[in-house]
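Below you'll find the structure, written out as structure tokens, and then a few comments.
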Amino acid sequence: MVTSVSILGATGSIGASTLDLLRDGAFRVTALTANSDAKKLATLAREFDAEIAAVSDEAAYTELKTLLAGTRTKALAGANGMAEAAAARSDILLSAIVGSAGLAPTIAGFAKGRRIALANKECLVTAGRLFMREAQAKGAIVLPVDSEHNAVFQALACGKRDAVSKVTLTASGGPFRTMSRERLAIVTPEEAVRHPNWSMGAKISIDSATLMNKGLELIEAAYLFDLAPSQLDVLIHPQSVVHALVEFHDGSVVAQMAHPDMRIPIGFCLAWPERMNWNAPKLDLAKLGTLHFEAPDYERFPALKLARSALETGGGAPNVLNAANEVAIDAFRAKRLSFQGIPGLVEAVLDKAAKEGHLREPGTVNDALAVDHVARSFAATLLPQFAAKAS
Ligand code: NAD
Ligand code: MG
């Protein structure tokens, strides 16, 4: 039987890598979504003969509908359109919207036995406990696309859960791994998006440069695998070949390695529990020669410390951290905030939210989105103070 796939965030970097794997025709495409790029979405919907194409931005609807005239693809728009696209019946829902905007549509896609291939880590950071509880209640199976979590998922299969002593996520260290504090103060968005190993969307590239990405991933791992913060560790590994390590009580450490190419974890999720037989780039360790590891520098990269502390605080703290970080990244990209202003602003928003009692655990998606909204408005209010320091 042909497997059907829907992609939330089809026009992005993960969307492109996924569609690349679907091009051999072994899969059928049900729904594709984008934020506002109707042209790119319509082109993809035509190429893959999708049943549904949805744009989140209602202003893009007319263009999308016009571009799809004469095809069988149904055009949809807005929050309802996104939810309808997510819920349309398909075997796999690939969740690859960037940011907390992915939460509501992904949860709308939960259904019994449906595979949720999750790239959107912000879902788990914004409302991790709720997300996993809802998935279980609806009978959806969550598989991690994020390379480190995909590695953990694979390594965990080598032992019983209660025999796991530690889970380590590796981090490349980003483009500024060896940069001095003084130089970090003046890095530009153009430098920050240039990741040494991975080609990714702008937001996650900047998160990789601040190491906030690894912080978000610690939170993602804690909820996804039900791990205590004390069981989670981060290791800098500039080659991005070892993606994660799981240590068992008997001292055995099981690691997963692969060439740094997101099509490998995506292909894993598409084929699971089988293995996809495609022309994957293979590892040549003899050619690589050396793999390097070092401890993260929490002083030069305070975002990692902030994220760990938000995970330890729990409740709504990771949600506030995420929302403030999204605002800070937009401001950095607009050159209204310095690179080091990103964790600075996030910390200030977390402090304000704690003082004003906004760190409650979300009980519903609307609760989570309400706290996300409050944190964004705090960030917008506090931004001018930090922006002044940026120049
Ligand atoms: P991207 O910016 O390249 O693409 C984002 C996609 O989301 C686009 O299709 C865009 O149209 C859509 N989108 C953006 N804002 C939206 C909104 N408000 N409403 C609806 N749709 C919206 O991002 P990406 O690099 O593909 O990353 C997607 C997700 O996957 C992120 O959560 C990221 O952390 C995660 N991830 C990415 C990689 C990677 O290699 N790119 C690796 C691991 C995890
Ligand atoms: Mg990752």
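The values are calculated or read from the model by the stated rules, or taken from the named source; none is laboratory data. Computed from a predicted model, the values in this text were never measured in an experiment. Cβ sites come from the backbone with ideal geometry, for glycine too, and all protein chains shown count toward neighbours. Side chains included, ligands, DNA and RNA excluded: accessible areas come from the protein's heavy atoms. Shrake-Rupley method; radii C 1.70, N 1.55, O 1.52, S 1.80 Å.
Please specify each residue of segment 233-261 satisfying the condition of being more than 16 Å from ligand 1 (Cβ to nearest atom) and of a type in the set (D, E, K, R). If the condition is that a residue be more than 16 Å from ligand 1 (Cβ to nearest atom) and of a type in the set (D, E, K, R), then ASP233, GLU247, ASP250 are the ones that fit.
Of the residues making up segment 329-375, just one is open to solvent by 40 Å² or more (accessible area, probe 1.4 Å) and among the hydroxyl-bearing types (Ser, Thr, Tyr), namely THR364. Only one of SER230, SER165, SER199 is open to solvent by 50 Å² or more (accessible area, probe 1.4 Å) and more than 13 Å from ligand 1 (Cβ to nearest atom). Can you tell me which? Exactly one residue qualifies, and that residue is SER230. When ALA53 is tested against (1) more than 13 Å from ligand 1 (Cβ to nearest atom); (2) more than 17 Å from LEU118 (Cβ to Cβ); (3) in contact with a helix residue (DSSP H, G or I) (Cβ under 7 Å, 6 or more places away or on another chain), exactly one condition is not met: (1). Give the residues of segment 61-96 that are surrounded by fewer than 17 Cβ atoms within 10 Å (Cβ to Cβ) and β-branched (Val, Ile, Thr), sorted by residue number. The answer is THR62, THR66, THR71. Would you check if there is a residue in segment 16-27 being within 24 Å of ASN277 (Cα to Cα), surrounded by fewer than 24 Cβ atoms within 10 Å (Cβ to Cβ), among the small types (Gly, Ala, Ser) and within 10 Å of ligand 1 (Cβ to nearest atom)? Yes: segment 16-27 contains one or more residues that are within 24 Å of ASN277 (Cα to Cα), surrounded by fewer than 24 Cβ atoms within 10 Å (Cβ to Cβ), among the small types (Gly, Ala, Ser) and within 10 Å of ligand 1 (Cβ to nearest atom).
Go through GLY267, GLY215 for me and flag whichever is under 19 Å from the mean Cα position of the chain (by Cα) and within 26 Å of ASP24 (Cα to Cα). If you could, list the steps in order and put the result at the bottom.
Working: GLY215 fails: within 26 Å of ASP24 (Cα to Cα).
Just one listed residue meets the conditions, GLY267.
Scanning segment 159-175 for residues being part of a strand (DSSP E or B) and modelled with pLDDT under 95 gives a total of 0.
Exactly one residue among GLY99, GLY128 is assigned by TED's automatic domain parsing to the domain that holds SER13, away from ligand 1 (no atom under 13 Å from the Cβ) and open to solvent by less than 10 Å² (accessible area, probe 1.4 Å), and that residue is GLY128. Each residue in segment 138-158 was checked for being part of a helix (DSSP H, G or I) and either among the basic types (Lys, Arg) or more than 13 Å from ligand 2 (Cβ to nearest atom) (or both), and 4 of them qualify. Where helices (runs of 4 or more DSSP H) sit wholly within segment 306-391, those with at least 2 residues that are more than 26 Å from LEU184 (Cβ to Cβ) occupy 341-355, 365-390.
Number of residues in segment 170-202 that are of a type in the set (Lys, Arg) and without any contact (Cβ under 8 Å) to a residue 24 or more places away in the chain: the value is 2.
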